[in-house]
Amino acid sequence: MEASAPCGARRGWRRSRAAGFPLSRTAVVLVFSALVLRAPPSVGYLAQLPRGIHLTQDSMKIVGSPNFPVKVYVMLHQKSPHMLCVTQRLRNSELIDPSFQWHGPKGKIISGNSTAQVTSTGSLVFQNFKESMSGVYTCFLEYKPTVEEVVKNLQLKYVVYAYREPRYYYQFTARYHAAPCNTIYNVSFEKKLLEILSKLVLDLSCQVFLLKSECHHVKMQRAGLQNELFFTFSVSSLDTEKGPKPCADHSCESSKRLSKAKILIERFFNQQVEVLGRRAEPLPEIYYIEGTLQMVWINRCFPGYGMNILKHPKCPECCVICSPGSYNSRDGIHCLQCNSSLVFGAKACL
């Protein structure tokens, strides 16, 4: 999580300057309009953001272990790594007359299956991996080390987990000097502000949601009693899983579009300070209080998924499907314990 740095130290000066000199509320709209016209296009700078580890490269091959089940992570709707029916020691050894047989959660896997394929060398690979394909997979290997030796048997287990990227978003808070609380002017201002913020991030396939808006009386040491609006809003990426992607380029990933949206919103609030600071006349009655914009980065998982760096150290920032014995019913980040849950991806404790 991170927080934006204060923009300056002139907050008390702006409060005292505005006290007793309210302009027409139309001036607020005019200031906003000027800022929208001056808003820059999408910038190219991309901040480094938390990312899941992509483990689904076609070239990746995973070997088994005779001592413990090997964990494999496959991104939802993607191709899996190749799971080899050998150990690291046998991988580079000569095997005489090898025989491979794979069994999954639903029984024996046929090599001609359209979603789960067994290659001629005994590797298991998934196409378009789905939640229901998560589970324990066992490979039975029979082979001879040499022609003269007897047949040897080996059993290798893999636990395959579906995972997906988190539903991450930014949460902003900002404060405005306001008109008297419970007046229609504050409500109109709130709608205008949300409209402008939504337009700023529209081209990035992002959306703005108002989480909370409250008006409070704040006593200042020199300026007396002030009215302030406390805004809390989120900026998230539009869900494109069920619809067309905004584009096929790598820069269209959710985290990168959110990074650009964050920069535009921070610039928008900085421009409010710049525009109001150049005004010769007194400030309007409703205006942004410099230095109050704060931001945090929040991760959430879909129901049935959760994060667990101790259980899944190879995919620490992935939302991994909940194992049997756990569940996640809402958009939290953890799978909760549930002894009656016997399936992968449980969304309720029954």
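Values in this text are rule-based calculations from the coordinates and carry no lab data. Everything numeric here is computed off the predicted structure, so don't read it as measured data. Positions of Cβ are generated from backbone atoms using ideal geometry, with glycine treated the same way; all protein chains shown enter the neighbour counts.
Give the relative contact order (percent, whole number) for the range 280-337; include only Cα pairs under 8 Å separated by 6+ residues. Can you show the working numbers first?
On the way: 71 pairs, mean separation 19.6, N = 58.
Once divided by the residue count of the range 280-337, the mean separation gives 34 percent.
For the range 78-202, what is the relative contact order in percent, using Cα pairs closer than 8 Å and at least 6 residues apart in sequence? Don't skip to the answer; put the middle values down first.
Numbers: 160 pairs, mean separation 28.1, N = 125.
It rounds to 22 percent for the range 78-202.
Can you flag which of Lys191/Lys212; Lys106/Lys130; Lys71/Lys144; Lys191/Lys219; Lys212/Lys260 are past 19 Å Cα-Cα? Could the numbers behind the result be given before it?
On the way: Lys191/Lys212 13 Å; Lys106/Lys130 14 Å; Lys71/Lys144 27 Å; Lys191/Lys219 26 Å; Lys212/Lys260 23 Å.
Checking Cα-Cα distances, Lys71/Lys144; Lys191/Lys219; Lys212/Lys260 exceed 19 Å.
How many angstrom separate the Cα center of the range 313-350 from the Cα center of the range 280-298?
The range 313-350 and the range 280-298 have Cα centres spaced 41 Å from each other.
For the peptides 167-175, 307-315, 148-156, what is the packing order when you average, over each peptide's residues, the other Cβ atoms within 10 Å and list the highest mean first? Please report the intermediate quantities before stating the final value.
Details: 167-175: 19.2, 307-315: 14.9, 148-156: 11.7.
Packing order, densest peptide first, comes out as 167-175, 307-315, 148-156.
Using the Cα gyration tensor of the range 184-239, with a ≥ b ≥ c the square roots of its eigenvalues, what is the shape: rounded (a/c below 1.5), prolate (a/b larger than b/c) or oblate (neither)? If you can, show how the numbers build up before the last one.
Numbers: a/c = 3.22, a/b = 2.60, b/c = 1.24.
Prolate, since a/c reaches 1.5 and a/b exceeds b/c.
Ordered by packing density, taken as the mean number of other Cβ atoms within 10 Å over each peptide's residues, highest first, how do 66-72, 282-288 rank? Don't skip to the end; give the middle numbers.
Numbers: 66-72: 13.7, 282-288: 22.0.
Top to bottom by mean Cβ count within 10 Å: 282-288, 66-72.
Which shape class, rounded, prolate or oblate, goes with the range 116-159 when its Cα gyration tensor gives a ≥ b ≥ c as root eigenvalues, a/c under 1.5 marks rounded, and past that a/b bigger than b/c marks prolate?
Details: a/c = 6.31, a/b = 2.34, b/c = 2.69.
Note, shape of the range 116-159 comes out oblate.
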